[in-house]
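> Here's a structure for you.
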Number of protein chains: 2
Amino acid sequence: MDAIDLSLVDLLRGNARLSYAELARQVGLSAPAVHERVGKLEAAGVIRAYRAEVDPETIGLSVTALISVVEDSGADTDDVLEAFRAIPEIESCYFMAGVESFLIKVRVATIAELERLIVRVNRTPGVASTRTSIALSTKWENRPQPVAPPS
Amino acid sequence: MDAIDLSLVDLLRGNARLSYAELARQVGLSAPAVHERVGKLEAAGVIRAYRAEVDPETIGLSVTALISVVEDSGADTDDVLEAFRAIPEIESCYFMAGVESFLIKVRVATIAELERLIVRVNRTPGVASTRTSIALSTKWENRPQPVAPPS
DNA sequence: ACAGTCCGTGGACGCCATCGACCTGAGCCT
DNA sequence: AGGCTCAGGTCGATGGCGTCCACGGACTGT
């Protein structure tokens, strides 16, 4: 992970569809060299995936909410996690410090669906209680912070 | 936005680096047709960006925290937002229902940096108080939920 | 000094992106 | 009905790109 790798990571976080030729121009290497570096970054788990970022509203997911989950004392955290993983509406899942073990971010189409989802989460074994906060608007999300000093 | 568009969106959310030729094969159209559809999806704001998803740990951002922000009564929300936007460590920013106007997700290298960041957020004009929760681990993040029925 | 390794370059070749020309079907006007 | 128009597709061509390979220079340990 030298400076060039960091530049490549930054470039691809900004635009994952840049061609290797273009990346090569930006970092001052040849295309095959960049190809190999990016391949190694993927293999090393630095780059996990390339994703199109989609406006949730336009695909009918207008409601974003964050749900804090308190576990039952004696609940098996792994089981709860597994149950959560099976719920596709849970977009992100953090294991937190504090009384509320999990914070999950969910995305659904309507408030009615959110209600059903909350019930479902509350009913999963090991969950003692939940607290839901609704996001009125998403100002921004997953903004990549630059990691390489601008060349 | 017909079924083919939804498939394209799903495919690109799964792998943003798929070639147009490959997308074309998957949806049963020609490459130029797919090229035009994807272009329109971008122009319409459905696809906002293509991003490489990077493991934060590997680029030295080991600490994730969520900070709830309570505004001063009479604070100008837009000013607060603008100030937040200038803080690169704030990766996501939601405007919430409830007493705590904002929920922000931040990513920093160390706990010491988190402390400095919290101080900085607290000091921005319009912010009355904050409440920080540290994510001990990220189970998953930004998992795309499929929107098109699997063909 | 020498061999091995790492990491790059340059060339070659097939595939892909992308443009323009053309085709087809739906909707609409007369 | 017939023909116009337009949206949105296919096809073909071409230039650039991805990717494989052989090769070469800088470091390193012996």
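The values are calculated or read from the model by the stated rules, or taken from the named source; none is laboratory data. These figures come from a predicted structure and were not determined experimentally. Glycine also receives a Cβ, built like all others from the backbone with ideal geometry; neighbour counts cover every protein chain displayed. Just the protein is used for accessible areas: all its heavy atoms, side chains included, with ligands, DNA and RNA removed. Shrake-Rupley method; radii C 1.70, N 1.55, O 1.52, S 1.80 Å.
> Mind running the shape call on segment A:3-43? Use the C-alpha gyration tensor, a ≥ b ≥ c as the square roots of the eigenvalues: rounded below 1.5 for a/c, prolate if a/b tops b/c, oblate otherwise.
On the way: a/c = 1.27, a/b = 1.03, b/c = 1.22.
Rounded.
> While we're on this one: Using Cα-Cα distances under 8 Å and only pairs 6 or more residues apart, what relative contact order does chain A have, in percent? Numbers along the way, then the final one.
Working: 169 pairs, mean separation 40.6, N = 151.
Over chain A, the number comes to 27 percent.
> Kindly give the semi-axes, whole Å and largest first, of the ellipsoid equivalent to the protein assembly as shown, taking each as the square root of 5 times a Cα gyration tensor eigenvalue. If you can, show how the numbers build up before the last one.
On the way: eigenvalues 207, 129, 76 Å².
Rounded to whole Å, the semi-axes are 32, 25, 19.
> Still on this structure: At 222 nm, what helix-only mean residue ellipticity would chain A give, in deg cm²/dmol to the nearest 500, using -39500 (n - 2.57) for each DSSP H run of four or more?
On the way: 5 runs with 55 residues, N = 151.
After summing the helix terms and dividing by the residues of chain A, the value is -11000 deg cm²/dmol.
> Rounded, prolate or oblate: which fits segment B:41-151 when a ≥ b ≥ c are the square roots of the eigenvalues of the alpha-carbon gyration tensor, with rounded for a/c under 1.5 and prolate only if a/b beats b/c? Intermediate results must be reported in sequence, preceding the final value.
Details: a/c = 2.07, a/b = 1.37, b/c = 1.51.
Since a/c reaches 1.5 but b/c is at least a/b, the shape of segment B:41-151 is classed as oblate.
> How many lysine pairs are close in the protein assembly as shown, with Cα atoms under 25 Å apart and the two 8 or more places apart or on different chains?
8
> Given a Förster radius of 41 Å and the C-beta distance between A:Arg85 and B:Asp78 as r, what FRET efficiency does 1/(1 + (r/R0)^6) yield to the nearest 0.05?
The value I calculate is 0.60.
> Ordered by packing density, taken as the mean number of other Cβ atoms within 10 Å over each peptide's residues, highest first, how do A:51-58, A:1-8 rank? Can you show the working numbers first?
Numbers: A:51-58: 19.1, A:1-8: 16.4.
Sorting A:51-58, A:1-8 by mean packing, highest first, produces A:51-58, A:1-8.
> Taking each residue of A:53-66 in turn, how many C-beta atoms of other protein chains fall within 10 Å of its C-beta, and what is the average? Kindly include the intermediate steps, with their values, before the conclusion.
Details: counts 11, 12, 7, 2, 2, 9, 11, 3, 2, 0, 0, 2, 3, 6.
Partner Cβ neighbours, averaged per residue: 5.
> Using only protein heavy atoms and a 1.4 Å probe, how much accessible area in total is buried between A and B, to the nearest 100 Å²? Don't skip to the answer; put the middle values down first.
Values: alone 10190 and 10160 Å², together 14390 Å².
The A and B chains share an interface burying roughly 6000 Å².
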